[in-house]
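What follows is a single structure, written as structure tokens, with notes after it.
The values are calculated or read from the model by the stated rules, or taken from the named source; none is laboratory data. Quick caveat, the model's predicted, so the values are computed rather than measured. Glycine also receives a Cβ, built like all others from the backbone with ideal geometry; neighbour counts cover every protein chain displayed.
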């Protein structure tokens, strides 16, 4: 279950604008999508974005990845996780115009994404790049050392462009936990070594599944369905918002249940 800090994210934003009227906050995540605080935290830094948001009114995000980012499994483009991510993040950042550019290529491994990274950055001119990475490397059994090397090279490409980066790890596929484990571990190691934040989609979806939440994987037993896309979009928005605009400790404490 999401903790009190998640429920009061919107309250914190409006409290900054009004200290007079009480704010009534409705939970935005449907029950099957609730994510624990532990899976919403992102280590590492996004200093450029945090600084930009202090003075800018727009935020452009490039999401580069494979079939999830291409919207496979969603019943319409507007139901893809990237579309939900855009609308949810904009709600969490009052006064900021958020634009998410989704560049997904179905079946692509990290090698393919890294090869087009510079071109995609040049075409979209983002403030932030989120790399959805790992799923196809799992199924193509890419050597772990080679996978890590390519991921680190791609992140270096992003840094060389003067941009912040974050990673989004694979979706949780129940029947393939053993296959995913070394790649999930590798992404955590890369995040720790580079300081690039990692949004832990795999662990969030796994926790929901283990707690009896509604199925978020489609009939092909691989791609996310509409609910999966919706949940991941909101999960990513909340995780990123906490990273770039954390709730002040005093605000959290004031709303702590007694």
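Odds and ends about this structure:
- Region 199-224, residues that are over 18 Å from residue 63 (Cβ atoms) and buried (at least 19 other Cβ atoms within 10 Å of the Cβ): 206, 208, 216, 217
- Against the conditions (1) surrounded by fewer than 16 Cβ atoms within 10 Å (Cβ to Cβ); (2) outside any helix (DSSP H, G or I); (3) within 20 Å of the chain's Cα centre (by Cα), residue 170 satisfies every one except (1).
- Hey, residue 179 assigned to a helix (DSSP H, G or I), in contact with a strand residue (DSSP E or B) (Cβ under 7 Å, 6 or more places away or on another chain) and more than 22 Å from residue 71 (Cβ to Cβ) or not: no
- Test: residue 78 is within 30 Å of residue 142 (Cβ to Cβ), modelled with pLDDT of 95 or more, within 18 Å of the chain's Cα centre (by Cα) and in a helix (DSSP H, G or I): no
- No other residue among 72, 100 is within 22 Å of residue 159 (Cα to Cα), modelled with pLDDT of 95 or more and either crowded, with 16+ Cβ neighbours inside 10 Å or out of contact with any strand residue (DSSP E or B) (no Cβ under 6 Å at 6 or more places or on another chain) (or both) apart from 100.
- Enumeration of residues in region 189-221 that are part of a loop (DSSP other than H, G, I, E, B), more than 16 Å from residue 41 (Cα to Cα) and in contact with a helix residue (DSSP H, G or I) (Cβ under 8 Å, 6 or more places away or on another chain): 213, 214, 215, 216, 218, 221
- Filter pass, residue 119 being part of a helix (DSSP H, G or I) and surrounded by fewer than 19 Cβ atoms within 10 Å (Cβ to Cβ): yes
- Index of the failed condition, residue 251 passing every other in (1) in a helix (DSSP H, G or I); (2) at pLDDT below 95; (3) crowded, with 19+ Cβ neighbours inside 10 Å: (3)
- Neighbours by Cβ (under 7 Å, 6+ apart or cross-chain): first from region 213-239, modelled with pLDDT of 95 or more; second crowded, with 22+ Cβ neighbours inside 10 Å and part of a strand (DSSP E or B): 232/224; 236/168; 236/199; 239/199
- Cβ pairs under 7 Å, 6+ apart, first in region 187-200 and without any contact (Cβ under 8 Å) to a residue 12 or more places away in the chain, second buried (at least 17 other Cβ atoms within 10 Å of the Cβ): 188/198
- Among (1) in contact (Cβ under 8 Å) with a residue 60 or more places away in the chain; (2) in a loop (DSSP other than H, G, I, E, B); (3) under 21 Å from residue 200 (Cα atoms) - the single one residue 126 does not satisfy: (3)
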